[in-house]
Amino acid sequence: MTLNVAVDIGGTFTDCIGYDDEAARVVSSKSSTTPTDLTQGILRCFEKGGLDVHALDTFVHGSTIAINTVIERKGARTALVVTKGTRDVYKIGRGNRPEAYNIFFKRPQPLVPRHLTFEIEERMLPSGEVLTAFDVQQAREVARAIAAESVAAVAVCFLHSWANPSHEAEMGRILAEALPGCYISLSHEILREYGEYERTSTTVINSYIGPRISGYVDDLEGVLEKRGFEGNLLIMQSNGGVMSPLTAKRVTVAMLESGPVGGFIAAARTGEALGYDNVIAFDMGGTTAKTNLIRDKVPQLAHGYYIGGYATGQPMMLPVIDTIEVGSGGGSIGWVDEVGALKVGPRSAGAEPGPVCYGKGGGEPTITDANLVLGRLGAADFLGGEMPLDLEAARAAIERNVATPLGVGAVEAAQAMLKIAIMNMSLAVRGVSVERGYDPRDFVMVAFGGAGPLHAVEVARELHIPTVIVPNYPSQFSALGMLLADVQHDYVRTYYRKLGEADFQELKKIADELTATGLQTLRDDSVAEKAAGFQWFLDIRYAGQDFAIPVPIRLEFVLESDGGAIRRAFDALHERRYGYQSPEKEVEIVNVRLNAVGKRPQPNFPQIAVGEGAEALRGTRQVFVEGSPVPVTFHIHDRARLAAGQRIAGPAVIQEYASTTMLFAGDSATVAGTGELMIQVGSYPDGR
Amino acid sequence: MAVKGKLDLVTLEVIRNSLPAISNEMSYVLQRASFNMMIYEVRDYCCGLLDVEGRLLSQNTGGVSHFVSDLGEVIKDGVQRFGVDGFKPGDVVITNHQRVAGQHLNNIMIYSPVFLDGELLAFPAIRAHWVDVGGQSTGFGARNATDPWLEGLQIDQIKLYDEGKLDEKVWSLIRDNIRYPDSSLGDLQSQIAACRLAEKRVQELFRRYGRDVVWAAVERIFEQTEARCREVVEKMTDGVYEASSLFTGSAYDNHEPVQVKVKVTIKGSDMTIDLSGCSGQRRAPINGRTRAAPVIAYKALTNPLEPVNEGSFRPLEVIIPEGNFMMAQYPAPMASWSTVLPTVIDTIFKALAPMMPDRVPAGHLGVLGGTVVFFGANPRTGERFVTQSIEGGGWGGRPWEDGESASVSVCQGDVRNAPIEKMELRWPILVQHRALRPDSGGPGKYRGGLGLSTRVKAQVEGSWTLPQTGRRPYPPEGLAGGKPGDPSDALLRLPGEEAFKSVNAVRQAVPEGSEGMVYTAGGGGWGDPLERDPALVAWDALEGYVSQQAARSEYGVVLEPGTLQVNIEESRRLRERMRAARTAADAG
């Protein structure tokens, strides 16, 4: 028997999904997150789901603990060691002020103070040659000085260590000797890419959260072991892959987006299983909506991001699933500004106090309240009826805060709130598709998160996306994705050279080294060699440009010194991204990237019964649809009772435990053999 | 709800979000695909959408601020030149001429008409800094150019594409008269690609909602933006507020300092910014023909975080008489047109400070940063190169907190310095340090931010441009009792020389191994330094932002050597003595 379980700890809920391959049985449970002792929430989820820790084969875990440690600034007292002359690089950053007109702007606040930043006499050149030898004596003194400061972590970032890491490695050994038990990160082991400020920041974050996060992983291992766990523990990382606890403890910074990315993996796998390799994943939760584009089964990655936003955030340059996020969630608040314009979000009522209709003290009307007032949510059907909603309070709040200031009725106000949220979300979907050169009509949308299925069809219609898939377990989709994720590691090595002058022997040597590192890490993660797969990229640009595009290439191009093939792949990609190509211009290589994947066995989800599903019909509800002051009759279906092959025509509402799907006139859904709702999206009646 | 022909709330919001999204998408494409550091790193460009009357529908966020006001002037001029009926789909116009909205010639503007069903709707426009436009020097304008012909190639509203057909003669004329044609023509291609993209987006928007609805929405957006600005100004106290500053004059003008005199009048919700008191146009190329300074100041004061459109500036009246150095007449030299702008803006804030003491920071570096400019040739490849990095300086203390350190000026927004590793990868130079300058922040209850020092050794022969900024004799001012920041400097050391020397160098030829160093100014302090919390002084000393000596002499705080703990009793006595000495000096 194979029992695989994933647990996703979010801010509010801890979600658990397990799959028993032999019995073809899916187990799911939800419990409140226990912030003081996160492992308790995990155990409670196991209990609720009737899962025996002893019987687990694989346990995959994702958590927001790493990102919260940075945002709440609750990391370790950390020291930083840098090359002489660069003590202030981390504080100075790039000197920019993205909020151009804000004369009270704030720069990112360093996680290491200046008096804990130490300089070492040493200097590398970008060629990898040593300009100034490493001063061992001084390094020992610095290590002693750091020891006297009782820090729990140290980060080391020397100039050009991406080209030659020997000085950093030596510093690492000296620190390890002088500071037993201290958490040490060396920049070349975290991110071997040029750009000293961003590399320093990434390395510092790794050290800053290192003691707490590695301790958390230790605790988790301890708790599981005590309960008799003998299986394989895996940790979710920001790039959408999983890693072993060993790797996680070393590269804690890879865990930053560990929670939310699971859903995007699940979206890719769901699409693939149903025959769609190109997917737009759409996740709408309580506070935000996020979207990612999946091409050829692979969620698109971004090479870094800014924690807390571009204007004031800390740069973290490891790959993360590339999402565009907007402040439109179920809890987003509708309000009228001082000149009478209606806004939705970015402020959110969150889980506490939550929407007005939850009756937990919320007073400002939210998207969930608007859905309730319009009849899209049933007051008695929320969370399977466990949580009755207060329709009158929701209506009164919309009346008071939105309808009256605008001089319209409550229904019209609720319709407008919803429409604005939908437009904002469709701008986000546009951002990952149209604005990056992809036509949304070539994609299907997979919609998840508690509020995703409720709004997906309308967002899809805005962008002419023809098909929406509502997967199984949409509200626990992140946990499901963790179950499906492969082991995955990304490596980068700066190699800066004109393509015409590239030394393919040297490139091959870099490829060999990266391959060896990748294989070793995959082995550490218990991946069999035959399950390993490598995807290579070269970051390329026209000579003189600054932004390089990661171009997927076959390793043979390098082995056969086939510059022409590399060149053609780049020109085509440039044309797609930026609208033109210049085959006459010289191009240069900037970085070599490797994406090393260890395939994990994929569960075969059970088929559901075939039939007409007539017993799924649960009555009707009056719903106000876009632009109409009078309600329309919608049929209500119980998703749990739907049968494979069944077709439902809109207008209809399909309800399940923690989510609701809306179909409008002209839309229709077919139930897939494995239970997903396959929705054919109708076009606008006016043909736009 | 979004019925064609009728504007509703939702459509209004959609259009409000869509217009800036188009400008930002243009900016994304331009920046990613550009070939010159002034665009991808310095972000010295703007992308906007304008209607046929030259009204600004939207402009990209981030980037250099001083482009904010003048795109419309060029469009109006173009429409006058070609006539409203003189544009055809596929046209692309190129211009940099200084008779309208004059800036340095490096700022090349490209715009193209958008048509739908035969109707001319709007113009996407991009003004971007090319690395070279010919003339006597490349790079950051020609600092010694005393007329536009010395400065470079002048292009006056020329159709580069006529109905989609490239005018090869214009193209080759440009190519043959600039130094780095690959880079600049690559940028030109990116500018055109971004305009073409915007054409498509504008057409989609108008097709979807209908022209009447879009134009009705635009009017509402302008009105609402204007109302927001008026609301802020309404709360200010009516009155006339004046201030002045000085900026170093050049040898061409007998070293006579440039006068910056501003008069701000608040009346109800109207604001007038009058620069009539400023110097007349100069023989040195610091002239411009721009409303940028008042417009940036107004934006910062009223509505700093929202996107810009025509409504953002409608309630502002700007008075700059013809012949003023900020409204210079062709052919006044403009190669360094923007250098005085940060000082003009700071002076506007200074004028308003007595009226709104809790909302104005002390003076900031006041110039466009320290620049690291070295010209040379790569010995391996023979390729000529110019280094470039913009180094930030200190911002003034604020009425409630310290100023930020080492950040770009009020005109520069999302302008980034060049990473050391990137500079060394690209050019045969060695960056020896990039470091904050202790004690450079003006003392105050809230300290000014620190300036920095960047030191670069050139590994080849070549020439340095290391100019003194016009603010060296006039460092960033303190406010409300705060003291000035430490001024900027430019230094050079030739091989064999003992020490660095302060220089004012433009393309000074140097042998291999010379070292250039740039100091940026610290920001002015806000409030009396003797009122600064001693714990903050102790922290600054621990961090090395303030020396122990300055802690004592400027802040009256005595720190225990070694531990850097505040000696409370001695500090109290010292501060008393310093206050008494001050009173005595005032009386004397």
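What follows is calculated from the coordinates using simple rules that are stated; it is not laboratory data. None of the values given here were measured: they were computed from a predicted structure. All Cβ positions, glycine included, derive from the backbone under ideal geometry; neighbour counts span all protein chains shown.
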Quiz prompt | Qualifying GluC sites (Glu not before Pro) in region A:128-220, DSSP loop, other Cβ atoms within 10 Å at most 16 | solution = A:129, A:149
Quiz item: Full extension from residue A:57 to residue A:668: what is 0.36 nm times the residue separation minus their Cα-Cα distance, to one decimal in nm?
Solution: 216.0 nm
Quiz item: For region A:332-421, treating each Cα as an identical point scatterer without solvent, what Debye log10 I(q)/I(0) comes out at q = 0.15, 0.18, 0.19 1/Å?
Solution: -0.47, -0.68, -0.75
Quiz item: Are there cysteines in the protein assembly as shown with no second cysteine's Cβ under 4.7 Å away, and if so, which?
Solution: A:157, A:182, A:357, B:46, B:47, B:195, B:229, B:278, B:411
Quiz item: Under a Cβ-Cβ cut-off of 15 Å, what is the net charge of the residues other than residue B:270 that fall near it, where Lys and Arg count +1 and Asp and Glu count -1?
Solution: 0
Quiz item: If you wrap a convex hull around the Cα atoms of chain A, how much volume per residue is inside, in Å³?
Solution: 170 Å³
Quiz prompt | Euclidean distance of C-alpha centroids, region A:323-339 and region B:162-214, integer Å | solution = 35 Å
Self-check item: Relative exposure of B:92, A:653, B:408, B:506, judged by other C-beta atoms within 10 Å (fewest first)
Solution: B:506, B:92, A:653, B:408
Quiz prompt | Residues with amide H under 5 Å from that of residue A:644, placed H, sequence gap 5 or more | solution = A:609, A:610, A:611
Quiz item: Relative contact order (percent) for chain B, with alpha-carbon contacts under 8 angstrom and 6 or more residues of separation?
Solution: 12 percent
Self-check item: Modelled FRET efficiency - R0 41 Å, residue B:570 with residue B:240, Cβ distances, 0.05 increments
Solution: 0.30
Exercise. Find, to one decimal place in angstroms, the Kirkwood hydrodynamic radius of region B:377-493, where the mean of 1/r is taken over every pair of different Cα atoms and then inverted.
Key: 15.8 Å
Self-check item: Coil-residue GluC sites (Glu not before Pro) of region A:229-314, DSSP, other Cβ within 10 Å capped at 15
Solution: A:230
Quiz item: Short version: ³J(HN,Hα) in whole Hz for each residue of region A:645-662, in order, from phi by Karplus 6.51 cos²θ - 1.76 cosθ + 1.60 (θ = phi - 60°), x for Gly and Pro, what are they?
Solution: x, 5, 10, 10, 9, x, x, 7, 10, 10, 9, 9, 3, 10, 7, 9, 10, 10
Exercise. Along Cα→Cβ, 7 Å out, is where each label goes; now give me the distance between the ones at residue A:273 and residue B:499 in nm to one decimal.
Key: 7.6 nm
Quiz item: In terms of modelled amide H atoms, which long-range or inter-chain residues lie less than 5 Å from the amide H of residue A:234?
Solution: A:59, A:60, A:61
Quiz item: Angle, helix B:568-587 long axis vs. longest principal axis of chain B, Cα atoms, 0 to 90°, nearest 10?
Solution: 80 degrees
Quiz prompt | Calculated Rg and Dmax of chain B using C-alpha coordinates, Å | solution = 25.3, 82
Quiz item: So what J values fall out for region A:109-118 if you push phi through Karplus, 6.51 cos²θ - 1.76 cosθ + 1.60 with θ = phi - 60°, rounded to Hz, Gly and Pro as x?
Solution: 8, x, 8, 10, x, 5, 6, 9, 9, 10
Self-check item: In region A:62-109, the trypsin sites (Lys or Arg not before Pro) that fall in loop regions by DSSP, at most 10 other Cβ within 10 Å
Solution: A:73
Quiz item: Tell me, what is a quarter of the convex hull surface for the C-alpha atoms of region B:483-588, in nm² with one decimal?
Solution: 10.2 nm²
Quiz item: Taking trypsin sites (Lys or Arg not before Pro) as exposed when DSSP calls them loop (any state but H, G, I, E, B) and at most 11 other Cβ atoms lie within 10 Å, what is the longest stretch of chain B free of them, the sites themselves excluded?
Solution: B:1-234
Quiz item: In Å, what Rg and Dmax follow from the Cα atoms of region A:1-56?
Solution: 11.2, 36
Quiz prompt | Charge dipole (debye, nearest 20) of chain A; +1 at Cβ of Lys and Arg, -1 at Cβ of Asp and Glu | solution = 820 debye
Quiz item: For the Cα atoms of chain A, what angle does the longest principal axis make with the long axis of helix A:38-49, in degrees from 0 to 90, nearest 10?
Solution: 40 degrees
Practice problem: Mind listing the long-range amide H neighbours of residue A:551? Cut-off is under 5 Å, sequence gap 5 or more, other chains count too, H placed in the peptide plane at 1.01 Å from N. | Solution: A:538, A:539, A:540
Quiz item: Which semi-axes, in whole Å and largest first, does the equivalent ellipsoid of region A:490-598 have when worked out from the alpha carbon gyration tensor as the square roots of 5 times its eigenvalues?
Solution: 27, 14, 11
Practice problem: Two decimals is fine: what's Rg over Rh for region B:150-266, C-alpha atoms, Kirkwood radius as Rh? | Solution: 1.16
Quiz item: Rg and Dmax of region A:418-532, using alpha carbons, in Å: what are they?
Solution: 20.9, 58
Quiz item: Regarding region B:229-384, what is the average projected area of its C-alpha convex hull, in nm²?
Solution: 12.2 nm²
Practice problem: Using every pair of alpha-carbon atoms in region B:9-225, split the distances into 5 Å bins beginning at 0 and state the percent of pairs per bin, rounded to integers. | Solution: 1, 7, 16, 20, 21, 16, 10, 5, 3, 1, 0, 0
Practice problem: Could you line up A:261, B:308, B:240, A:434 from fewest to most neighbouring Cβ atoms inside 10 Å? | Solution: B:240, A:434, B:308, A:261
Practice problem: For a footprinting-style exposure proxy, rank B:440, A:659 by other Cβ within 10 Å, fewest first. | Solution: A:659, B:440
Quiz item: Points 7 angstrom from Cα along the Cβ direction at residue A:560 and residue A:347: gap in nanometres?
Solution: 6.2 nm
Quiz item: How are the C-alpha pair distances of region B:218-309 spread across 5 Å bins, as whole percents from the shortest bin up?
Solution: 3, 11, 19, 19, 15, 12, 10, 7, 4, 1, 0
Practice problem: For the protein assembly as shown, list log₁₀ I(q)/I(0) at each q in 0.09, 0.10 Å⁻¹, using the Debye formula over Cα point scatterers of equal strength and ignoring solvent, two decimals each. | Solution: -1.29, -1.58
Quiz prompt | Neighbourhood net charge (14 Å Cβ-Cβ; Lys/Arg +1, Asp/Glu -1) for residue A:257 | solution = -4
Exercise. Positive end of the charge dipole of the protein assembly as shown (Lys, Arg +1 and Asp, Glu -1 on Cβ, about the Cα centre): tell me which of A:256, B:293, A:609 has its Cα farthest that way.
Key: B:293
Quiz prompt | Label-point gap, in nm, between residue A:135 and residue A:599 - each point 7 angstrom along Cα→Cβ | solution = 5.5 nm
Quiz item: Which number do you get for Rg(Cα) / (2.2 N^0.38 Å) in region B:458-531?
Solution: 1.44
Quiz prompt | Acute angle (nearest 10 degrees) that the helix A:166-178 long axis makes with the longest principal axis of chain A, alpha-carbon atoms | solution = 90 degrees
Practice problem: For residue A:464, put the label point 7 Å out on the Cα→Cβ axis and report which residues of region A:418-436 keep their amide N under 19 Å from it. | Solution: A:423, A:426-436
Quiz item: So what is the 222 nm mean residue ellipticity for chain B from helices alone, if each DSSP H run of at least 4 adds -39500 (n - 2.57) and you divide by all residues, rounding to the nearest 500 deg cm²/dmol?
Solution: -9500 deg cm²/dmol
